[in-house]
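Visitor: Below you will find the structure I want to go over with you.
The values are calculated or read from the model by the stated rules, or taken from the named source; none is laboratory data. Because the structure is predicted, anything quoted here is derived from the model rather than measured. In this analysis, Cβ positions are derived from the backbone assuming ideal geometry, glycine residues included, and neighbour counts consider all displayed protein chains. Remember, those area values only see protein heavy atoms, side chains included, never the ligands or the DNA or RNA. Shrake-Rupley method; radii C 1.70, N 1.55, O 1.52, S 1.80 Å.
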Amino acid sequence: MYDDQGYTIRGTYDFAVRSLELVEGYLGLNIKVHGDDEDLLNKGQIFLFNHFARFETLIPPYILHRQTKAYCRSVADHSLFTASKALGKFLSDVGAVPNNLPGLLPFLAAEILRGRKVVIFPEGAMIKDRRVLDEKGQLGVFSHKHNTFRKHHSGAAVLALTLDLFKHRIKDLFESNDVERIYHWVDSLGLSSPEHLLEQALKPTLIVPATITFFPIRVTDNFLSRGAEFFSRDKKLPAQLLEELAVEGNIIFRDTDMDIRLSKAIEPQRKWRWWDTLLMRKYFVKINALDDLFSLREVADTWEETLLVRAINRESSRIRDAYMEAIYSGITVNLGHLTASLICQMMDQGEKAVSFSVLHNALYFALKALQNTPGVHLHRSLLWPDRYRELADGISEDLSRFLNTCIQVELLEKTETGYKFLDKLYAEHEFHEVRLENPLMVCANEVAPVKAVGKAVKLAWHKAVKAINPRDLGNLLFDDELRAHAWNKSHHIKKRFQEINDRETATRNGSPYLLIHRKADQTGVLLIHGFLASPAELEDFGQKVYAGGYAVMGVRLSGHGTSPWDLHERRWEEWLNAVRRSYRILSLYVNDIVVVGFSAGAALALLLAAEKPEKLAGVASVAAPYTLQDKNAVFAPLMHGMNRLVNRFSGTGGMLPFRDNDPSYPDINYRSMPISALTELLGMIAAMKKALPEVETPVTIIQGTEDAVVKAESAKLLLEALKSCQHKELHWIPDGPHGLITGDVGETHALLLTFIKDMESTIKHHQEPRLEQETTSA
């Protein structure tokens, strides 16, 4: 490879890339690259990153090479090259150059013209405290040495701008057919031909601002920090080194998300006046090396050169401000950021503590607002409801981990009612201590440049301390149900799921639905679909119920309406949780609720009834699976166990993870039945049988006599098992198949509408429901 100034990229580069590829899957570091333009890694030439950890010097070139196969030059702190001869040689061999290299910018420009990419950290150093806003809210870097803010380095802007000027002058040479000058630059840059030079000159000079965000940040000891202390027991290690090993060891070797977000590329837009352009062409004739072009800013001797220097400096400052704004607005916002921002805002207002309810509600309201805020990039844990949906109730693994970290380092104290802010939280910390001593402030500083986050948190805080409008909360919670469906559906369209997905015939919309009347005084009806189906299964009946003046919500059971692979990963308890969530949502709009469940949905309705939720008026159980017709279902747990064993060694999902299903409604139901889900169904039925004696609310049972899925005798067994239910009835549908509601067989819809109306009257007029009876529909 072309050697320049002794910094040759050697085979060590390829070895390092292969090594990182090999260990990435085994480290706790989960690297994800985000960007609106999927080809930005290929098109970009100068990549800029914020800087928080030392190993970041290696990661960006690795990402770029993995995606583009291009070799990169990265600018690293010169002290790394002098601290250790071996480390310095390794860094040189993998493309790094010291930031004090003489002629650094022309060297990097030449490398770009040779087809390499350049990685620069414009902050100039690690920003451990993430403090990048001054008292006026302007971007900069706080110099702890001089106790003041300074502007970010503009070297990347000068590099891009000057390189762009050079490319335009090269194009001028080709237009004027100046063969001598063309070959001079071909030889000077070590290119293969004039065509190669023109090809490079025609490429746009693109600066790609990129933002690295780690989540979560931990402060505990790890095997790196413990190992360092152990092997140097006789020699005390510097506190700075121990801090870096503790923080950065946790980032690399414990489950940590490293999100790299690529912002829109910035191309130097030459806002030159006509005389600037004329002067530049005149000056370019005199230069014979890139060093001459870049040294113009330092050795301007004439008034013409002075004017050019001013123009370049003006443009460089504008470009620098643009890419730093992009870098800091590209933060991937996580729950730690929101929590830190909330606590800091409360501290600024003189608050000394935060209650559980205010904390949980404020965080939930803030993240819901930010989900719809343009320009804010949320961590996937704040976009996937399965990760955050219980946050308002105080249940969140991510929040608990962050708060426990703050408690561990004595920033917060947990009380009976919330969290108290301790004195250490207000204290100033040394730059090399802050990541360990005050991670809360680090998180708050990191997200501070994203103004929309601070605004959303402030509004959410004020909203959380007031009485919450039930319908407003219901709207947010239902939005989570829609988002969960969309998220899980999009997740399961990946290539590894394609074979099973291609067999599916379901075309009906599988998302949940909520139909609410404006009137305040209304009864709600919760519809729970069956096994392998989706909310669409009961939607036609739901429209009838809604037309009758009732509020309606169609539940989507977890794993349904998306992909059989989604259902393959679910437990029956998740189905019941979906019912509980939907019941809660509907209860925020109505006075009382009647639950209508079909097949497996009927079993879930009865499980819910056994919990005696507030506002429950009655349960309609249609074709509940007390006993199944399928004799082979009993072998499902055995087959599931074998699949799990095979999957442990092969990762293929098992020996036979699915079996064929021949649905009566192929536009709604899965054609592939997960063996694991059938096992869960059996577990749910067993749980239902145990819970039936606890059901006290009125129950109506509807069963078809010719049900091919559920044994008809299930209805009588179910009726007998409802020992505590004083108001129950059984309706037989002669010759009725399994899909009684979907096909409106016999008088199924009429029976259900009558039951709903009776339950509404019972609640409103305090009437006694009808006693136990058994009828046969005509």
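Visitor: What is the antiparallel percent of DSSP beta bridges lying wholly in the chain, to the nearest 5?
Guide: Working: 24 of 77 bridges.
Here the antiparallel bridges make up roughly 30 percent for the chain.
Visitor: Give the distance, in whole Å, between the Cα centre of the range 706-764 and the Cα centre of the range 112-171.
Guide: Cα centres, the range 706-764 to the range 112-171: 71 Å.
Visitor: Next up: Hey, any idea what % of the range 525-574's accessible area is carbon plus sulfur with a 1.4 Å probe? Walk me through the intermediate numbers first.
Guide: On the way: 550 of 1230 Å².
Result for the range 525-574: 45 percent of the exposed heavy-atom area is carbon or sulfur.
Visitor: For the chain, what are Rg and Dmax over the alpha carbons, in angstrom?
Guide: 33.0, 106
Visitor: Give me the lysines in straight-line cross-link reach of K544: C-alpha distance below 21 Å, same-chain residues under 8 apart excluded.
Guide: Counting by Cα, and skipping residues close in sequence, K544 has these lysines nearby: K519, K757.
Visitor: While we're on this one: Over the range 336-390, what number does the Rg to Rh ratio reach, with both radii from the alpha-carbon atoms and Rh per Kirkwood? Could you put the intermediate results ahead of the total?
Guide: Values: Rg = 12.1 Å, Rh = 12.2 Å.
A ratio of 1.00.
Visitor: Give me the percent of the accessible area of the range 715-757 that comes from carbon and sulfur atoms, probe 1.4 Å, all protein chains in place.
Guide: Numbers: 930 of 1690 Å².
Here carbon and sulfur together make up 55 percent of the probe-accessible area.
Visitor: Looking at the range 521-573, which trypsin sites (Lys or Arg not before Pro) are DSSP coil and have at most 16 other C-beta atoms within 10 Å of their C-beta? Display every interim value, and only then the final one.
Guide: Details: sites: K544, R556, R570, R571; in loops: R556, R570, R571.
Passing sites in the range 521-573 are R571.
Visitor: Could you work out the mean projected area of the convex hull around the alpha carbons of the range 389-528, in square nanometres to one decimal?
Guide: Working: hull surface 58.8 nm².
Result: 14.7 nm².
Visitor: Could you tell me the calculated FRET efficiency between E499 and K544, based on Cβ-Cβ distance and R0 = 30 angstrom, to the nearest 0.05?
Guide: Details: r = 38 Å, r/R0 = 1.28.
The pair E499/K544 has a calculated efficiency of 0.20.
Visitor: If you don't mind, another one. Using a 1.4 angstrom probe with every protein chain in place, what is the largest-first accessible-area order of M639, M553? Numbers along the way, then the final one.
Guide: Numbers: M639 40, M553 0 Å².
Ranking M639, M553 by accessible area, largest first, yields M639, M553.
Visitor: Express the accessible area of the chain per residue in Å², computed with a 1.4 Å probe while the remaining protein chains stay in the model. Don't skip to the end; give the middle numbers.
Guide: Values: 34740 Å² over 778 residues.
With all protein chains present, the chain gives 45 Å² per residue.
Visitor: List the residues whose amide H sits under 5 Å from the amide H of R73, counting only those 5 or more places along or on another chain, with H placed 1.01 Å from N in the peptide plane.
Guide: Correct list: K117, V118, V119.
Visitor: Convert each backbone phi in the range 718-733 into a coupling constant with the Karplus relation 6.51 cos²θ - 1.76 cosθ + 1.60 (shift: θ = phi - 60°), then list the ³J(HN,Hα) values in order as whole Hz, x for Gly and Pro.
Guide: Karplus values, whole Hz, x for Gly and Pro: 5, 4, 5, 6, 7, 5, 8, 8, 7, 10, 9, 8, 10, 10, 9, 10.
Visitor: Oh, and also: Taking the full set of protein chains and a 1.4 angstrom probe, give the accessible area of Y426 in square angstrom, rounded to the nearest 10.
Guide: 90
Visitor: What are the GluC sites (Glu not before Pro) within the range 379-427 that DSSP puts in a loop, where the Cβ has at most 15 other Cβ atoms within 10 Å?
Guide: E410, E416
Visitor: Do me a favour and compute the ellipsoid semi-axes for the range 476-612 from its Cα gyration tensor, root of five times each eigenvalue, largest one first, whole Å.
Guide: The three semi-axes for the range 476-612 are 27, 15, 13 Å.
Visitor: Say the cut-off is 22 Å between C-alpha atoms; which of K631/K728; K631/K723; K43/K489; K420/K458; K89/K117 go over it? List each step's numbers first, then the result.
Guide: On the way: K631/K728 29 Å; K631/K723 28 Å; K43/K489 31 Å; K420/K458 19 Å; K89/K117 20 Å.
Too far apart for the 22 Å limit: K631/K728; K631/K723; K43/K489.
Visitor: Can you run phi through the Karplus equation (6.51, -1.76, 1.60; θ = phi - 60°) for the range 64-81 and list ³J(HN,Hα) in whole Hz, with x for Gly and Pro?
Guide: Result, rounded to whole Hz: 5, 5, 4, 7, 10, 6, 7, 7, 10, 10, 10, 8, 10, 4, 4, 5, 5, 7.
Visitor: Round to a whole number: what % of the accessible area of the range 335-392 belongs to carbon and sulfur, probe 1.4 Å?
Guide: Values: 950 of 1940 Å².
Within the range 335-392, the accessible surface is 49 percent carbon and sulfur.
Visitor: Using only protein heavy atoms and a 1.4 Å probe, report how much of H65 is accessible, in Å² to the nearest 10.
Guide: Roughly 20 Å² of H65 is accessible to a 1.4 Å probe.
Visitor: Could you list which residues have their amide H under 5 Å from that of V594, counting only those 5 or more apart in sequence or on another chain, with H placed in the peptide plane?
Guide: For V594, the qualifying residues are G524, V525, L526, A617.
Visitor: Would you mind checking the tilt of helix 748-765 against the longest principal axis of the Cα atoms of the chain, expressed as 0 to 90 degrees and rounded to 10?
Guide: Roughly 90 degrees between the two axes.
Visitor: Lys and Arg at +1, Asp and Glu at -1: add these up for the other residues within a Cβ distance under 13 Å of L342 and post the number. Numbers along the way, then the final one.
Guide: Working: positive: K455, K458, K463; negative: D348, E351.
After counting each charged neighbour, the total is +1.
Visitor: Starting from the range 470-536, pick out the trypsin sites (Lys or Arg not before Pro) whose DSSP state is loop and whose Cβ has at most 11 other Cβ atoms within 10 Å. Could you put the intermediate results ahead of the total?
Guide: On the way: sites: R471, R483, K489, K494, K495, R496, R503, R508, R518, K519; in loops: K494, R503, R508, R518, K519.
Counting only loop positions with at most 11 other Cβ atoms within 10 Å, the trypsin sites (Lys or Arg not before Pro) in the range 470-536 are K494, R518, K519.
Visitor: Going by Cα centres, the range 474-524 and the range 355-420 are how many Å apart?
Guide: Comparing the Cα centres of the range 474-524 and the range 355-420, I get a distance of 25 Å.
Visitor: To the nearest 10 square angstrom, how much accessible area does W732 have with a 1.4 angstrom probe?
Guide: Roll a 1.4 Å probe over it and W732 shows about 30 Å².
Visitor: How far apart, in nanometres, would the label points at K489 and F15 be if each is projected 7 angstrom from Cα along the Cα-to-Cβ direction?
Guide: In this crude label model, K489 to F15 measures out at 5.1 nm.
Visitor: From largest accessible area down, sort K85, K171; use a 1.4 Å probe on the protein chains.
Guide: Details: K85 185, K171 55 Å².
Putting K85, K171 in descending order of accessible area: K85, K171.
Visitor: Here's another thing I want to ask about it. Under 5 Å between amide hydrogens, which residues at least 5 positions from Q629 or on another chain qualify, with H placed 1.01 Å from N in the peptide plane?
Guide: Counting only residues 5 or more places away or on other chains, the set is V710, K711.
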